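Coordinate-derived values only; no laboratory data. Remember, predicted model here, so these are calculated numbers, not experimental data. Cβ: placed from backbone, ideal geometry, glycine included. Neighbour counts: every protein chain shown.
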Amino acid sequence: MAEITLSQRLTLLLDASPLNGIQRWLWVLSTGGTLLDGFAIFVLGVAMPLVIAVFHFTPDVVGLIGASLVLGAVFGAGLGGPMADHFGRKPLMLADMIIICAGAAASALAKGPAMLFIGQFLVGVGIGIDFPVSSSYVSEVLPRRNRARLMVATIACQSLGMLVAAAITLVLLKTVESLQNWRLFLASEGVIAFLFFLLRLSAPDSPHWLMARGRFAEAAQAFIRIMPEQREAVLQVTSHVGNQSLASTIAHARMPGLRILFSRAYRTRTVLVAVPWFLMDIATYGVGLFTPAILGAVDISGRGGGAIAQDLVVAKGSSAIDLFLLFGFIVGIWAVPKFGRIRMQVIGFAGMACGMILLVIAVYLSNSSLHIPLVFTGFILFNVLMNAGPNSTTFTLAPILFPTQLRATASGFAAGVAKIGATFGVFVLPILKGKFGVPAVLGMMAGVSLLGLTVTLIFGREDTESEAARTARIAKNG
């Protein structure tokens, strides 16, 4: 007769429980990194014209500062995942917010390019750490029926962060007419990070991680804090723990290294969670080549003004674009649980490729009345389906496909590889654009999207049977 382990019994309790207010609040706390990711990207984009007007940076320096967030995120994601699997989710969820606070302070007080680069690099490190930690935490504290939807909602907070940043920068640009506004923009990152730090102090650590380390007493208390209505059931289950099962669990609590991701058991999953995310981030910067045309079509009223007036135009136009990004995530929150991660990832990559092809056609019809409609259609199609598909699914796949002991490590590896793709987009695509022209680069990005589709189809799999379902099946057959 198959034996149901303590971990499986507790997982079954969590998966079968209704979503309560405490779990909703823990989800809100877990969105800090993704919200600040969107916030920091938007704020830096709006701040840079003012920074350039003050310091007169050369294009090379501007490019390095623009890439600092992404470079920091590569380092942070690769570091944060294994550390979260070793030290726990909560310590890293606190440490990354402190790192972001330090980076925001350094950025706001910067007197030259070096300090600004270091500050934004630190912000990127903190955000990079939070990506694998928050995705793992959400997957470990929520019931099964709500998990997929709220994990997509976690990454959707990128767009929410952009809209919050748009509101703050627009208010500051309208009320404080100074070229030094950029310091307030960058300081606001630290204010939000510090707020999340304070709120996260009261959160419990992941009970699944505690169980994986053999710390059952602490895991039981964490389960009780997360679902107090199940207090008696948790105490009843944990009261039957024997010395043999405890010792067995502790024996398996040793944290494996990064190389296990490439073992026979996990290499297919590792390719699935990392390569499509890498390709998606490259393609994302392809559509960025058309952003000036979009902004020009949205509002041209500020072209004749000074730096502040032009910055106001950019902020307004960018916030309008971000509404399309948010709409894509809203579609993903509904569609991913309904149709599955792999199916939506395939649909999303196909839509991204079609959007890029429409933008290529728009370039060749630049003098036609169809130019602007094609630009908008291609741009909207790309962004909506990217966020409804790969941008929602790539973030959620690793926490679903890997066990607790590897969850954050795998998520961090995938996020780090993705940010390498983003770095490629930041540095290489402008060079390719100058050498081959916009149509060639957009065509290449369509090819990258199709490659992401192909990799997903070849390596794609769904974790259709949850731990709770396996437990229920074992109990039934046992």
Please work out, to two decimal places, the log10 of the ratio I(q)/I(0) at q = 0.13, 0.16, 0.21, 0.23 Å⁻¹ from a Debye calculation in which every Cα of region 75-157 carries one identical scatterer. -0.47, -0.65, -0.91, -1.00
Trp334-Leu198 pseudo-label distance in nm [points 7 Å out on the Cα-to-Cβ vector]: 3.7
Where the Cα pairs of region 365-430 fall when distances are cut into 10 Å bins, in %: 18, 29, 30, 15, 6, 2
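Taking the convex hull of the Cα atoms, report for region 338-384 its projected area averaged over all directions, in nm². Could you put the intermediate results ahead of the total?
Numbers: hull surface 12.5 nm².
Projected area, direction-averaged: 3.1 nm².
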Extension gain Phe327-Leu170, at 0.36 nm per residue separation less the Cα-Cα distance, in nm? 54.4 nm
How much length would be gained if the chain were fully extended between Phe87 and Val28, taking 0.36 nm per residue of separation minus their Cα-Cα distance, in nm to one decimal? 19.0 nm
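As a test of the definition: which semi-axes, in Å, follow for region 1-86 when you take the square root of five times each eigenvalue of its alpha carbon gyration tensor? Largest first, please.
So the equivalent ellipsoid measures 45, 17, 7 Å along its semi-axes.
Between Val428 and Val62, what is 0.36 nm times their sequence separation minus the Cα-Cα distance? Round to one decimal in nm. The partial results should precede the final answer.
Values: separation 366, 0.36 × 366 = 131.76 nm, distance 1.49 nm.
Here the segment from Val428 to Val62 would lengthen by 130.3 nm.
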Which whole-number percent gives the relative contact order of region 52-185, counting Cα pairs below 8 Å spaced six or more residues apart? 30
Here, Val54 and Ile372, labelled 7 Å along Cα→Cβ, have an inter-label distance in nm of 3.5
